[in-house]
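Working notes, structure below.
Throughout, read-outs are computed from the coordinates displayed, never taken from laboratory work. Being a predicted model, the structure only gives us computed values, none of them experimental. Quick reminder, even Gly has a Cβ in these numbers, built from the backbone with ideal geometry, and neighbours come from all protein chains shown.
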Amino acid sequence: MDDCLFCKIIKGEIPSTNVYHDDQVTAFRDIHPAAPTHILIVPNRHIDSVNVMTRDDEPLIGHLFLVAKQLASREAIAEGGYRLIVNTGPQAGQTVFHIHLHLLGGAPMKHPMG
Ligand code: AMP
Ligand code: ZN
């Protein structure tokens with residue numbers, strides 16, 4: 001996707017604070033952190049949102065979670081707890097239409113809704 005912000009970050013065309021990269025997934029720090037640790041974990045292959053996921057995407061999305069677990073441990077937030085969020089669609093606040101997992105932690109969080 002030529003005009004996708006996260007595709008450009010993955011390709012290195014836009015700078016980011018990269019924290020992880022492999023053949024399937026890239027992770028970088030959110031530019032507007034909502035918690036002491038706020039990392040976005042993004043598949044290298046463009047998928048708009050959960051709404052257009054297919055069976056073929058299942059292993060990739062599972063891999064996102066395993067990378068999240070690894071990064072939570074590396075950031076020393078695994079024991080204290082963290083939150084994984086996938087905003088889907090405008091009412092949920094999705095602003096970048098390239099599927100991504102938010103990894104948030106490092107401070108106590110309020111009730112998840114809202
Ligand atoms: P969402 O609202 O779930 O679509 O999440 C998009 C996230 O991308 C927001 O938390 C933004 O702060 C973050 N973001 C936008 N532009 C950048 C960027 N250039 N580098 C890192 N994070 C970004
Ligand atoms: Zn993209």
> Per residue, what volume in Å³ does the convex hull of the Cα atoms of region 5-105 enclose?
Replying inline: 96
> Of the trypsin sites (Lys or Arg not before Pro) in region 72-114, which ones lie in a loop per DSSP and count no more than 11 other C-beta atoms within 10 Å?
Replying inline: Lys110
>> If you filter region 1-106 for GluC sites (Glu not before Pro), then keep DSSP loop positions with at most 10 other Cβ within 10 Å, what is left?
In response: Glu13, Glu79
> For region 47-98, what class follows from the C-alpha gyration tensor (a ≥ b ≥ c being the square roots of its eigenvalues): rounded when a/c is under 1.5, otherwise prolate if a/b is larger than b/c, else oblate?
Replying inline: oblate
>> Sort Ile61, Ile77, Ile14, Ile39 by Cβ crowding within 10 Å, fewest neighbours at the top.
In response: Ile14, Ile61, Ile77, Ile39
> For the chain, what does -39500 (n - 2.57) per DSSP helix run (n ≥ 4), summed and divided by total residues, give at 222 nm, in deg cm²/dmol to the nearest 500?
Replying inline: -6500 deg cm²/dmol
